[in-house]
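The values are calculated or read from the model by the stated rules, or taken from the named source; none is laboratory data. Nothing here was measured: the structure is a model prediction, and the numbers come from that model. Here the Cβ is made from the backbone with ideal geometry for all residues, glycine too, and neighbour counts use every protein chain on show. Heavy atoms of the whole protein, side chains included, go into the accessibility calculation; ligands, DNA and RNA do not. Shrake-Rupley method; radii C 1.70, N 1.55, O 1.52, S 1.80 Å.
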Amino acid sequence: MRKWLKPTGGAPWFAALTAALLLAPAVAERGTLNDLWNIAFAVVLAAAWNLLGGFAGQISLGYSAFVGIGAYTTVLLANAGWSPWLTLPVGAFLAVLFSVLVGLPTFRLRGPYFAIATIGVGEAVRVIASGMEFTGGSSGLRMPSATFHFLPNYYGMAGLALFTIAVVAWIRAHAFGMALEAIRQDIDAAEALGIPSTRYKLAAHAVSAALVGAAGGLFAMNFQYISPGSVFDFRLSLSIVLMPIVGGIGTLVGPVLGAVLFSYLQIKLLASPALRDSYLFIYGGLLMLVMLFEPRGIVGLWERLRRALRRPRPKPVEAARGG
């Protein structure tokens with residue numbers, strides 16, 4: 001698995017994921033495809049967030065704002081007569097624009113101050129959207145009924161998930177990713193070496209926002225209804241952060257593993273009425289276990305097990321021969 005974590009060694013698991021997502025409609029039932037759609041959606045969110053939070057070390061807790069911007073762009077333009085597919089690049093662009101407007105002041109902050117500021121931004125967007133008439137207020141909006149086609153939407157989300165992983169892998173293998181890694185390790189040293197940290201953080205923020213915004217548009221197309229409480233929810237932002245942390249922050253495969261685990265747990269929890277409202281409690285417990293026993297998440301746990309299995313066993317001491 002170590003070679004899978006390298007920038008150029010992700011071909012085996014990426015090929016397996018591609019085959020599973022793209023060939024599933026030929027063999028799987030609709031319920032299974034719904035589950036795979038949710039997994040692909042989670043992969044986009046976790047991998048895109050990891051570009052800023054994992055590679056650059058900027059822990060943002062407001063990424064639901066980008067989901068909501070993409071979702072509302074798709075619904076509003078579709079209701080105005082646009083093809084829903086043509087709304088996706090518009091939603092991605094608006095998410096990029098918002099990421100720059102937010103990033104310019106907040107990236108002046110460091111550590112927990114930046115994280116707290118992003119919480120405020122996300123909640124402010126939710127409150128504003130709840131009070132606007134054109135967003136439908138707290139009641140939300142519906143997509144035109146003729147726009148729902150599950151299979152094209154499934155392929156769209158699966159393709160976006162694979163594209164997101166490819167983009168993140170490419171960035172990680174090139175100078176852009178190396179600059180983000182330098183910023184994460186020591187921002188002052190990186191700036192002393194001539195790396196403009198704010199510019200690189202804004203760029204990473206913009207790329208991840210575009211991907212999440214496009215996912216928000218596909219989310220609206222699939223569920224046909226959105227409201228501020230569903231797409232601007234702080235719990236969604238928290239889940240986006242927890243997925244890469246549990247899987248392995250700062251790696252390529254970690255956010256994918258975290259997204260698969262979280263999606264599976266959420267599907268099982270939502271199927272049980274008694275546990276439907278307890279998913280954040282369970283996620284919080286997972287986070288505590290990760291922080292206490294393996295801060296590098298599932299990827300770190302795998303590496304620890306691999307080293308333990310490869311550790312040479314001590315040879316038995318030969319019995320002393322009698323003279």
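Can you give me the Rg/Rh ratio for the chain, using Cα atoms for both radii and the Kirkwood formula for Rh? Don't jump to the answer; show the numbers that get you there.
Numbers: Rg = 21.5 Å, Rh = 20.7 Å.
Ratio of gyration radius to Kirkwood radius: 1.04.
Work out the FRET efficiency for Leu23 and Arg235 from their Cβ-Cβ distance, taking R0 = 51 Å, and round it to the nearest 0.05.
Working: r = 33 Å, r/R0 = 0.64.
E(calc), rounded to 0.05, equals 0.95.
Enter the accessible area of Phe163 (Å², nearest 10), with the probe set to 1.4 Å and all protein chains included.
120 Å²
With springs connecting C-alpha atoms under 10 Å apart, model the chain as a Gaussian network and identify which of Ala203, Ala308, Ala92 has the largest mean-square fluctuation.
Maximum fluctuation in the GNM of the chain, among the listed residues, is at Ala308.
Say R0 is 45 Å: what FRET efficiency, to the nearest 0.05, do Ala146 and Arg311 get from their beta-carbon distance?
Values: r = 62 Å, r/R0 = 1.37.
The formula returns an efficiency of 0.15 here.
Whole number in Å², please: accessible area per residue of the chain, 1.4 Å probe, ligands, DNA and RNA not counted.
Values: 16110 Å² over 323 residues.
For the chain, the per-residue accessible area is 50 Å².
Contour minus end-to-end for Thr32 and Ser138, with contour as 0.36 nm per residue of separation and end-to-end as the Cα-Cα distance? Walk me through the numbers before you get to the answer.
Details: separation 106, 0.36 × 106 = 38.16 nm, distance 3.15 nm.
Here the segment from Thr32 to Ser138 would lengthen by 35.0 nm.
Label Val100 and Glu191 with points 7 Å out from Cα along Cα→Cβ: what is the distance between them in nm?
Going by the 7 Å Cα→Cβ label model, 2.2 nm.
Can you pull the three principal axis extents for the Cα set of segment 111-192, in Å, largest first?
54, 34, 15
Probe radius 1.4 Å, ligands and nucleic acids left out: which of Trp170, Trp85, Trp49 has the largest accessible area, and how do the rest follow? Don't jump to the answer; show the numbers that get you there.
Working: Trp170 145, Trp85 105, Trp49 0 Å².
Listed by decreasing accessible area, they come as Trp170, Trp85, Trp49.
Provide the gained length on full extension for the span His174 to Ile116, in nm with one decimal, where the gain is 0.36 nm per separating residue minus the Cα-Cα distance.
Taking His174 through Ile116 to full extension adds about 17.8 nm, to one decimal.
Would you calculate a helix-derived [θ] at 222 nm for the chain, using -39,500 (n - 2.57) for each DSSP H run of n ≥ 4 and dividing by the full residue count, to the nearest 500?
The per-residue figure over the chain is -24000 deg cm²/dmol.
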